[in-house]
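Report on the structure given below.
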Amino acid sequence: VYIGDLGVDPMDPVTLVISYHMEAKNMGEYTQTEFVTGFTTLGWNSISDMKRSLDSLRAQLKSKSEFPKIYKFVFNFLKGEDGRNIKIEHAILMWQLLLKEQYGSKIDPFLEKWKAFIEYQKENKGLNGIKKDEWNSVLDLFSEKGIEVEGMKSSEEDCWPILFDNFFDFLSAY
């Protein structure tokens, strides 16, 4: 798919929804099989069909049932077929794009502190990528703790990846 033919900026999160339906394996390219999969799944016959469906595809980013599937797909999409982690810069960019689509501007305080924490971990603790469990746990965090970063902390009963325990400690000192 030539995203430009749709009149969509390649950084528009709707491109991730298109990639999800195409079952794309790598960012920035679609195989013929992926292209056909997407067209078949979405009932498209032309670029015009694609253009007409952009609003409904964009709505999936706000859907409580579809968003988690798209979010989890993005990890594999970003890491590529041979990777185990995603680059920190890519993770931060995708968190900003995706989470704002789902939660709107009320996610901004969390994103600001999460980004500062991740960059601190990269610069001072040697964090060099985001693992799948860490990526997926961001949504779990919101399910259990909400998105209000003020007062967000871990309890003895919580079972989070170590990165999140460190985040809760970071918040208390922030």
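The values are calculated or read from the model by the stated rules, or taken from the named source; none is laboratory data. Everything numeric here is computed off the predicted structure, so don't read it as measured data. Glycine gets a Cβ as well: all are built from the backbone with ideal geometry, and neighbour counts include every protein chain shown. Accessible surface is based on the protein model in full, side chains and every heavy atom, while ligands, DNA and RNA are left aside. Shrake-Rupley method; radii C 1.70, N 1.55, O 1.52, S 1.80 Å.
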Carbon and sulfur %, accessible surface of the chain computed with the full protein complex present, 1.4 Å:
48
How much area per residue is accessible in the chain when the probe is 1.4 Å and only protein heavy atoms are counted (Å²)?
55
Pop a pseudo-label 7 angstrom from the Cα along the beta-carbon direction at both Lys115 and Asp49 and give the gap in nm to one decimal.
3.9
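Pairs to check: Lys100/Lys132; Lys64/Lys132; Lys51/Lys72; Lys64/Lys125; Lys79/Lys122; Lys62/Lys113. Give those whose C-alpha atoms are more than 28 Å from each other in this structure.
Lys64/Lys125
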Positive end of the charge dipole of the chain (Lys, Arg +1 and Asp, Glu -1 on Cβ, about the Cα centre): tell me which of Phe170, Gln121, Ser19 has its Cα farthest that way.
Ser19
Once you put a point 7 Å from the Cα of Ala59 and another 7 Å from the Cα of Thr40, both along the Cβ direction, what distance in nm separates them?
2.6
For n ≥ 4 DSSP H runs only, could you compute -39500 (n - 2.57) per run for the chain, divide by its residues and tell me the 222 nm figure to the nearest 500?
-19500 deg cm²/dmol
